[in-house]
Amino acid sequence: MDYYAGIDVSLDQCSVCVVDGSGRIVRELKVSSDPDALVAVFTAAEVSLTRVGLEAGPLSQWLHAGLVKAGIPAVLIETRHVKAALSAMTVKTDRNDARGIAQLIRMGWFRPVHAKALPAQEVRALLTARKQLQSKLLDVESSLRGILRGFGLRIGTVGKTGFAARVRELVHGQLTLERVVEPMLRAREALRIEFAKLHRELLRLVRSDETCRRLMTVPGVGPVVAITFTSAVGDPTRFAKSKMLGAHFGLTPKKYQSSEVDRTGRISKVGDAMVRTALFEAATVLLTRTTRFSALKAWALRVASSQGLKKAWVALARKLAVVLHRMWIDGTTFRWSAAPRAVAM
C-alpha cells in the first residue's frame, strides 16, 4: 500500500502526519525543525513513503534539501493551494494543517514548487541584503530632507557624493541641527560603504556568468535585472514554452468567469515579486531612456499608442521575460531588428 506524509513547518517544531492510500491516519508526531530529525523519523518508520509534502516557505527549502539528499521523495507545495484547501477547517492547529497537507499529497491536489539550488539561494540572499541596505539608505536620506524642510532648508537635487556636504552647508551655524544631522550622516555613510561592497560582489558574480552577460545585450537589462532573472528561473528547461514565463511571474491578467459573469482584471502578481519589479524597471528604461531603436521598442510603442503607457510597460515586462528565456535556451544575443521572413518562390 502507498503511504504519504504531510509536514507543517514551524520555527521550532514540525507537525508530521502519515496517511495510507485510503486516507487513514497511520501516525502523528511532533519533530524538531531539522532535516536530520525528520530523516530519522521517516527512515525508522515501518512503511515506505510514496511522497512527502511541505508547504513552501523560507525554512521549508532547507528541510526539503535535507530530505531529498537522504533519498526521501519530498516535494514543496504551492502556498496558495495549501491556504485554499485548509481554509474550510473550523479549527486551525499545526496538527490539523499536517493532516490536511498529507491528504493533499495523497490526492494529488497540489502544484509542486521549484526548489532553488544552493547557488541560486546564495544569489537571492545577496540580492535581498543589497536591497535592504539600499532601502535603509534611501530612508535616511528622505528623513534628513524631511527634518530640514521643517526649518525651511531645502536640499534640492544633489548627487550622492555631494549630499552630505549640502546638508552640512544648510545647517552650518545652527548647533541643534548640527547635533541632529551628524549622527544620521555618519549612519548614511556607513550604509553607503556596506551597500557598495554588496554591489561590487554582485557585479563580480555577473562578470563570471556567461548567461548574465548575454542577457545584458537586451536594452534596459543591466547586471541586477539579469542575475535576478537567472537566479529565480534556475533551470530554464523546466519551462516547456518561453511564453509561460509571463504567467509564472504574475504578469498576465486575472480571469473570473462564472455563468454570465466574465471579468478580466489586472495582472495576477503571483510568483516572484523581485523578478516582476526588475522586469518592470527594465521595461521602463527601454521605453523612456534607451535611445537606440529596436523591433522590441517599436512593438511596445505601438501598444502604448493603442492601450496607454502603463499597459505598455506591463506588456513589455512580460515580453522581456519571454525574450530573456528564449535567449537563454537558444544561447543567442539580442536582435535589434526583426528577423527577415523567408520569401516563397
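Residue-by-condition table, conditions (1) touching a Gly at 6+ places or on another chain (Cβ under 9 Å); (2) β-branched (V, I, T):
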{"site": "L279", "(1), (2)": "no, no"}
{"site": "T284", "(1), (2)": "yes, yes"}
{"site": "R302", "(1), (2)": "no, no"}
{"site": "L320", "(1), (2)": "yes, no"}
Fill in the blank from the handout: Only unsatisfied item for F195, checking (1) touching a residue at least 40 places away in the same chain (Cβ under 8 Å); (2) assigned to a helix (DSSP H, G or I); (3) not assigned by TED's automatic domain parsing to the domain that holds L133, is (3)
Practice task
Might you check whether a residue that is among the acidic types (D, E), farther than 30 Å from R207 by Cα and surrounded by fewer than 16 Cβ atoms within 10 Å (Cβ to Cβ) occurs anywhere in the range 107-125?
Solution key: no
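From the set of residues in the range 242-291 that are in contact with a strand residue (DSSP E or B) (Cβ under 8 Å, 6 or more places away or on another chain) and closer than 21 Å to F229 by Cα, which is surrounded by the fewest Cβ atoms within 10 Å (Cβ to Cβ)? Before the answer, list the steps.
Our first condition is that a residue be in contact with a strand residue (DSSP E or B) (Cβ under 8 Å, 6 or more places away or on another chain); within the range 242-291, this holds for 250-257, 262-268.
Cutting the leftovers down to closer than 21 Å to F229 by Cα gives us 250-253, 267-268.
On the way: G250: 17, L251: 27, T252: 17, P253: 12, I267: 18, S268: 14.
Ranking the qualifying residues of the range 242-291, first place goes to P253.
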Problem - Members of the range 98-116 that are within 23 Å of V31 (Cα to Cα) and touching a helix residue (DSSP H, G or I) at 6+ places or on another chain (Cβ under 6 Å) - result: G100, L104, A115
Handout entry: Test set (1) over 19 Å from K131 (Cβ atoms); (2) touching a residue at least 24 places away in the same chain (Cβ under 8 Å); (3) among the hydrophobic types (A, V, I, L, M, F, W, C) - V224 fails condition number
Key = (1)
Fill in the blank from the handout: Those residues of the range 241-281 which are basic (K, R) and either outside any strand (DSSP E or B) or under 16 Å from the mean Cα position of the chain (by Cα) (or both) amount to K241, K243, K269, R276
Problem - Selection from the range 15-41 of residues that are crowded, with 21+ Cβ neighbours inside 10 Å and without any contact (Cβ under 8 Å) to a residue 60 or more places away in the chain - result: L38
Practice task
Have a look at L86, L29, L38 and point out the one that is within 29 Å of A125 (Cα to Cα) and not assigned by TED's automatic domain parsing to the domain that holds V270.
Solution key: L38
Practice task
Sort out for me the strands (runs of 3 or more DSSP E) sitting completely within the range 1-98 that have 2 or more residues that are of a type in the set (G, A, S).
Solution key: 3-8
Fill in the blank from the handout: Only unsatisfied item for A115, checking (1) within 32 Å of the chain's Cα centre (by Cα); (2) in a helix (DSSP H, G or I); (3) aliphatic (A, V, I, L, M), is (2)
Practice task
Return yes when V221 is assigned to a loop (DSSP other than H, G, I, E, B), in the same structural domain as E281 (by TED's automatic domain parsing), buried (at least 19 other Cβ atoms within 10 Å of the Cβ) and at pLDDT 95 or above and no when it is not.
Solution key: yes
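The values are calculated or read from the model by the stated rules, or taken from the named source; none is laboratory data. Keep in mind it's a predicted model, so treat the numbers as computed, not measured. Here Cβ is always computed from backbone atoms with ideal geometry, including for glycine, and neighbour counts include all displayed protein chains.
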